[in-house]
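The values are calculated or read from the model by the stated rules, or taken from the named source; none is laboratory data. Here the structure is a predicted model, which is why all the values come from computation and not from measurement. Quick reminder, even Gly has a Cβ in these numbers, built from the backbone with ideal geometry, and neighbours come from all protein chains shown. Keep in mind that these areas ignore ligands, DNA and RNA; they rest on the heavy atoms of the full protein, side chains included. Shrake-Rupley method; radii C 1.70, N 1.55, O 1.52, S 1.80 Å.
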Amino acid sequence: MPGRNARADNFHGRRARHSAMTKTDFLDLSPVSTARGTLRLPGSKSISNRVLLLAALAQGDTLLHDLLSSDDVDRMLDALRTLAVDWQHAGDDDYRVCGTGGQFPVRKADLFLGNAGTAFRPLTAVLALMGGEYRLHGVPRMHERPIGDLVNALRQVGAQITYEGQEGYPPLRIRPAKLVDAAVVRVRGDVSSQFLTGLLMALPLTGRAVRIEVEGELISKPYVDITLALMRQFGVDVQRDGWRYIDLPADAHYVSPGECFVEGDASSASYFLAAGAIGGGPVRVEGVGRDSVQGDVAFAQALEQLGAVVSVGPNWIEAQAPAGGRLRAFDLDLNHIPDAAMTLAICALFADGPSRLRNIASWRVKETDRITAMATELRKLGATVEEGPDYLAITPPERLLPGASIDTYDDHRMAMCFSLATLGGVPVRIMDPGCVAKTFPDYFARWAEVAA
């Protein structure tokens, strides 16, 4: 096992690779005629940050395999280090986390979490019940992303959380909770599933039985499924009645499973599978498949509805273009796969008629307002776009306009999505390509492996 200096060098090495990418203002991508090949996916961001936090809270040490190397995961690692959770680099993308048994050693800390919602929301919930004083803040966009519904839910069990700025938004100050015996905790489910995820991960720390009641339609249900599956792996099993009620048992506590494997990122898989569906293919991604716990593998089913030829194995998915070459126009409810749905907006450029993406209101509270951003940038390529409060209607042009300069709004998925436009035989300029460091630092190098 490397010593302290070696671990620090590795961690800062990850940081250096990420920050170096931001020094380039733009990246010019050449036209692409075909896409084919096989690639191994980076680890899932959603799983990586969840298992890091669960391993830190558990009894015993956990060896995490294939942890994602990205800015968002670095934010969680950095926070855990500040909280005196001992983690060690164990070679490649493996990390050993020394569990604290539910009690972080540091009870007063200032945590900067960038724009990492998968770190900010669960840490808010956990630290609210940790009995210490903490300040949580991030980049300006993080301070525009709502967190009031989670705070309101935590206050029902006695959490002491105040807003430093605008009501309902970070930055936050947390003081020791005055726990109350709440049999039921209510949380809205129609803004972000991360609020429910945070509650689920934190409430076992109280040692009390509690029912979580979800108010309104729960969006992004597959992401909550990930949370429940990982909690189960760490020894806490919950019962749920559909998605209306979720019951956590009394005296629950997290116990290390010994080791945990991080799946490949299913959201990242969408760009390469779409490339196969648009650019001929086949393109195969390895690291996710039929046995995945991630809901975004349903992107493959959406591609099939567009006419793509899709094959799925236990740990791989492959896609290629329809026999006729052109994708079918579509009208889909995409509430269950909001991140991967962005890739379908680019697929709409290659469809045989107007397409509609529905039930995507959560796009407006992501890294940027993705509905407006996507509409704006698609128009640069010649598409006719109607933007609604929770939908996009996209009519593709006869030919894509060449030479579009795509603004990415400091949003990694905007940058990755629009690389697919080059399959229309046009060059594309991606502004601020370094924003992909949030989840996929070497995305453009991997894209070059399948784009010809």
*Compute the label zone of Asp333 within region 269-298: residues whose backbone N is under 20 Å from the point 7 Å along Cα-to-Cβ.*
295-298
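So, with +1 on the Cβ of K and R and -1 on the Cβ of D and E, and no other charges, what is the size of the charge dipole of the chain about its Cα centre, to the nearest 20 debye? Let's see the in-between values first.
Working: 47 positive and 54 negative charges, 118 e Å.
It works out to roughly 560 debye.
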*What does the convex hull of the Cα atoms come to per residue for region 301-452, in Å³?*
114 Å³
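First compute the accessible area of region 167-277 with a 1.4 Å probe, then give the percent of it belonging to carbon and sulfur atoms. Write down the numbers at each step before the final one.
Details: 1900 of 4150 Å².
Its accessible area is 46 percent carbon and sulfur atoms.
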*Once phi is turned into ³J(HN,Hα) by the Karplus curve 6.51 cos²θ - 1.76 cosθ + 1.60 with θ = phi - 60°, what whole-Hz value does each residue of region 298-310 show in order, with x for glycine and proline?*
5, 4, 4, 5, 5, 4, 4, 5, 7, x, 5, 8, 10
*What is the extension gain from Ala250 to Val309, computed as 0.36 nm multiplied by their sequence separation minus the C-alpha to C-alpha distance, in nm to one decimal?*
16.5 nm
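Sort 82-95, 351-364 for me by packing, meaning the mean count of neighbouring Cβ atoms within 10 Å per residue, highest on top.
Numbers: 82-95: 17.4, 351-364: 19.1.
In decreasing order of mean packing, 82-95, 351-364 become 351-364, 82-95.
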*Which distance in Å, rounded to a whole number, links the C-alpha centroids of region 315-352 and region 241-265?*
32 Å
*Give me the distance in nm between label points sitting 7 Å out from Cα along the Cα-to-Cβ direction at Arg232 and Arg36, one decimal.*
4.0 nm
*Among Asn335, Gly131, Gly307, which residue has its Cα positioned farthest towards the positive end of the charge dipole of the chain, with +1 placed on the Cβ of Lys and Arg, -1 on the Cβ of Asp and Glu, and the dipole taken about the Cα centre?*
Gly131
*Compute the Kirkwood hydrodynamic radius of region 274-319, taking the inverse of the mean of 1/r over all pairs of distinct Cα atoms, and give it in Å to one decimal.*
10.4 Å
*Given the rule -39500 (n - 2.57) for each run of at least 4 DSSP H residues, summed and divided by the residues of the chain, what is its mean residue ellipticity at 222 nm, to the nearest 500 deg cm²/dmol?*
-9500 deg cm²/dmol
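Test of understanding: what is the full-extension gain from Asp190 to Arg290, defined as 0.36 nm times their sequence separation minus their Cα-Cα distance? Let's see the in-between values first.
Values: separation 100, 0.36 × 100 = 36.00 nm, distance 2.78 nm.
Here the answer is 33.2 nm.
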*Peptides 284-291, 55-62, 329-336: what's the order by average Cβ count within 10 Å, highest mean first?*
55-62, 284-291, 329-336
_Of all DSSP beta bridges in region 29-150, antiparallel share, percent nearest 5_ = 60 percent
_Using just the Cα positions, wrap region 30-186 in a convex hull and report its mean projected area in square nanometres, one decimal place._
12.3 nm²
*Lys pairs under 28 Å by Cα in the chain, provided they are eight or more residues apart or on distinct chains*: 15
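Rounded to the nearest 0.05, what FRET efficiency is calculated for Glu164 and Arg364 with R0 set to 22 Å and r the Cβ-Cβ distance?
On the way: r = 23 Å, r/R0 = 1.06.
For Glu164 and Arg364, the calculated efficiency is 0.40.
Heavy atoms only, probe 1.4 Å: what % of the accessible area of region 329-452 goes to carbon and sulfur, would you let me know?
Its accessible area is 50 percent carbon and sulfur atoms.
Quick one: plug the Kirkwood hydrodynamic radius of region 396-448 (C-alpha pairs) into Stokes-Einstein at 10 °C, 1.306 mPa s, and report D in µm²/s. Working shown, then result.
Details: Rh = 11.4 Å.
In µm²/s, the coefficient rounds to 139.
If you count the DSSP beta bridges with both ends in the chain, what percent of them are antiparallel, to the nearest 5?
Numbers: 43 of 69 bridges.
Antiparallel bridges make up about 60 percent of those DSSP assigns within the chain.
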